[in-house]
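Working notes for the structure below.
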Amino acid sequence: MIKRYLGLLVSLSLLAYPTYLYASNGSASTTSEVAPSSYLIMNQPIEDFFKDLARDTGQRVKLSNGVSGKIVNRKLSGSVVEILDSISRTHDLDWFTYNNVYFVSKKREATTRLIRLGNLTLPDTMAVLEKSKLLFNQYPIDAVAENSALSVTGPPKLLAIIESVIEGIPSQLPKPREKTKTIIKVRRGLDVENVTVQ
């Protein structure tokens with residue numbers, strides 16, 4: 001009976017407080033790093049875990065205000081992308097990367113925004129977004145209002161970035177220079193020949 005009682009107290013304490021495990025460098029941490037990009041998590045706020053992940057991998061991870069909760073009794077391993085995918089499935093998260101920054105938000109934060117193109121053409125706009133690596137399969141972009149606007153669905157941060165990029169596109173994009181041809185006359189003795197030079 002006493003052993004069962006003590007066991008119950010231990011179990012409750014693990015759930016109620018973060019479990020501090022010592023990493024190989026001897027410093028206390030709520031996350032035990034088993035191997036590079038491998039973690040054994042007993043009980044840790046998800047915000048703190050992402051801070052540890054960013055620190056250990058040297059990557060930049062930014063969370064929206066809606067990201068909260070705890071990770072309890074989980075082992076996570078793999079690349080940053082694999083770890084993000086794993087946590088996203090269990091904590092209903094959404095994420096994308098832009099300019100080497102991982103942006104993480106709650107799926108329920110996703111919304112739809114109408115972005116007007118003004119004098120921009122649809123092909124030019126989509127070409128710039130593709131070059132900026134802002135086209136994702138999971139976030140639909142549809143042309144509306146006779147191609148004068150885009151309907152974009154996704155996390156608020158992504159929509160803000162796309163809108164900012166579109167606003168920065170010149171109304172007339174520079175077109176590739178066409179190769180010009182010059183015709184010169186070449187005299188060979190009494191004969192004159194027209195020669196094309198590019």
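Tabulated values for the structure
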{"quantity": "Table column - 3J(HN,Hα) (Hz), the stretch 95-103, Karplus curve with 6.51, -1.76, 1.60, x for Gly and Pro", "calculated": "8, 8, 10, 8, 6, 6, 10, 8, 9"}
{"quantity": "Spin-label model distance (nm) - residue 48 vs residue 137, 7 Å beyond Cα toward Cβ", "calculated": "3.7 nm"}
{"quantity": "Summed side-chain charge close to residue 94 - residues other than residue 94 whose Cβ falls under 15 Å, Lys, Arg +1, Asp, Glu -1", "calculated": "+3"}
{"quantity": "Distance (nanometres) between label positions extended 7 Å along Cα→Cβ at residue 55 and residue 75", "calculated": "2.4 nm"}
{"quantity": "Filter on 51/107; 131/157; 106/131; 75/133; 70/106 - keep pairs with C-alpha separation over 24 Å", "calculated": "106/131; 75/133"}
{"quantity": "Extended-chain gain in nm, criterion 0.36 nm per residue less alpha-carbon gap, residue 99 and residue 146", "calculated": "13.8 nm"}
{"quantity": "Neighbour-count order for 61, 72, fewest beta carbons within 10 angstrom listed first", "calculated": "72, 61"}
{"quantity": "Gain upon complete extension [residue 92, residue 164; 0.36 nm per residue less C-alpha separation]", "calculated": "23.2 nm"}
{"quantity": "Karplus 3J(HN,Hα) series, Hz, for the stretch 57-66 with 6.51 cos²θ - 1.76 cosθ + 1.60 (x for Gly, Pro)", "calculated": "9, x, 9, 9, 10, 10, 9, 6, 5, x"}
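Readers should treat all values here as calculations from the given coordinates under stated rules, not as data from a laboratory. All figures in this text were calculated on a predicted structure; none of them were measured in a lab. Here the Cβ is made from the backbone with ideal geometry for all residues, glycine too, and neighbour counts use every protein chain on show.
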